[in-house]
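Asks: This is the structure I have questions about; it appears just below.
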Amino acid sequence: MDPLTAIRAVGRLSQVRADVKLVFLGTRPPGSETAPPQNLSDEARRLAASLGLLDSGAVVFREGWTPFSERGRLLQASHAALCTAPDTAENHFSYRTRLVDALWAGIPSVCTAGGWMAEFLERTGAGVMVPPHNEQALAQVLEAVLEPEAQ
C-alpha cells in the first residue's frame, strides 16, 4: 500500500483541521510476530514522527493486527475510509476488501484510482478516487469528504 502519501495528506489537512485523525488498523499481520517488521511500516512511522503527527495524535498506528471482531465497531466510528495504493498491476486487479468493509460500515471511501472497485465506488457515490501519489489531491478530497455537509 501507500501509507506515505496518506500521512503527508493528513499532515496537510491537520494544518487546517485539528480534528483529523488517520488510524492504521494493523501494522503486522497475524502470525508475523517473530518476523522482522516491514520496512514500509517503519518508514511510515518515521515520516509521521518527523511531521509531528504522532505527538499530535493525527496519525495513530494500532500495534499488531486489529481482530476482525473489532473492525466493524472501529469503522462505524469513523467518518471515512482511506485506501491508498501505488499505480501497479496488483492494485488494478485487486479486490481491495478493505473498501468492501467501508461499504458495509456505511462510510465513504477515498481511494487511489485504479481497478474496478475504486471505479465502482465512485460511480455509485460510495467513494471518491484520487490519483496515486498525489498528497495535495488526497488532502483536498479528504477535506471535502469530512465536511459536515457531506456526511
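Asks: Label 7 Å along Cα→Cβ of His92; segment 107-149 residues with amide nitrogen under 12 Å?
Replies: Residues passing the 12 Å test: 114-116.
Asks: Next question, about the same structure. Among rounded, prolate and oblate, which fits segment 37-112 when a ≥ b ≥ c are the square roots of the eigenvalues of its C-alpha gyration tensor, a/c under 1.5 means rounded, and a/b larger than b/c means prolate? Present the calculation step by step, with values, prior to reporting the outcome.
Replies: Numbers: a/c = 1.75, a/b = 1.20, b/c = 1.45.
It comes out oblate by the Cα gyration axes.
Asks: For segment 81-87, what does the Karplus curve 6.51 cos²θ - 1.76 cosθ + 1.60, with θ = phi - 60°, yield as ³J(HN,Hα) per residue in whole Hz, taken in order and with x for Gly and Pro?
Replies: 10, 10, 9, 9, 8, x, 7
Asks: Quick one: which residues, 5 or more positions from Arg28 or on another chain, have an amide H under 5 Å from its amide H? H modelled 1.01 Å from N in the peptide plane, none for Pro or chain starts.
Replies: HN-HN under 5 Å from Arg28: Gly64, Trp65.
Asks: Find which of Ser41, Ala113, Pro86 sits farthest along the positive direction of the dipole of the chain, computed with +1 on the beta-carbon of Lys and Arg, -1 on that of Asp and Glu, about the Cα centre.
Replies: Ser41
Asks: What are the residues whose amide H is under 5 Å from the amide H of Gly127, where those residues sit 5 or more places off or on another chain and H is modelled from the backbone?
Replies: Under 5 Å from the amide H of Gly127: Ser109, Glu122.
Asks: Using the Cα gyration tensor of segment 108-147, with a ≥ b ≥ c the square roots of its eigenvalues, what is the shape: rounded (a/c below 1.5), prolate (a/b larger than b/c) or oblate (neither)?
Replies: Since a/c reaches 1.5 but b/c is at least a/b, the shape of segment 108-147 is classed as oblate.
Asks: Stretch Ala77-Glu119 to full length: gain in nm at 0.36 nm per residue minus the Cα-Cα span?
Replies: 12.6 nm
Asks: Using a Gaussian network for the chain with springs between C-alpha atoms less than 10 Å apart, which of these wobbles most: Ala58, Ala49, Ala80?
Replies: The residue that fluctuates most here is Ala49.
Asks: Give me the net charge of Ser14's neighbourhood, meaning all other residues with Cβ under 12 Å from the Cβ of Ser14; Lys, Arg count +1, Asp, Glu -1.
Replies: The answer is +1.
Asks: So, taking all protein chains as they sit and a 1.4 Å probe, how much accessible area belongs to His133, in Å² rounded to tens?
Replies: Counting only protein heavy atoms, the figure is 110 Å².
Asks: May I ask you to compute the full-extension gain from Glu143 to Trp65, defined as 0.36 nm times their residue separation minus their alpha-carbon distance, rounded to one decimal in nm?
Replies: 25.3 nm
Asks: Hey, can you rank 81-90, 112-121, 15-24 by average C-beta count inside 10 Å, highest first?
Replies: Taking the mean over residues of other Cβ atoms within 10 Å, the ranking is 112-121, 81-90, 15-24.
Asks: Sticking with this structure for a sec: Compute the relative contact order of segment 50-151 as a whole-number percentage, counting only Cα pairs closer than 8 Å that sit 6 or more residues apart in sequence. Walk me through the numbers before you get to the answer.
Replies: On the way: 116 pairs, mean separation 22.3, N = 102.
Computed value for segment 50-151: 22 percent relative contact order.
Asks: Report, in deg cm²/dmol and to the nearest 500, the calculated mean residue ellipticity at 222 nm for the chain, where each DSSP H run with n ≥ 4 adds -39500 (n - 2.57) and the sum is divided by the residue count.
Replies: Here the helix-only value at 222 nm equals -13500 deg cm²/dmol.
The values are calculated or read from the model by the stated rules, or taken from the named source; none is laboratory data. No experiment lies behind these values; they were computed from the predicted model shown. Neighbour counts are summed over all protein chains in view; Cβ atoms, including those assigned to glycine, are modelled from backbone coordinates with ideal geometry. We work out accessible area using only protein heavy atoms, side chains counted, and drop any ligands, DNA or RNA first. Shrake-Rupley method; radii C 1.70, N 1.55, O 1.52, S 1.80 Å.
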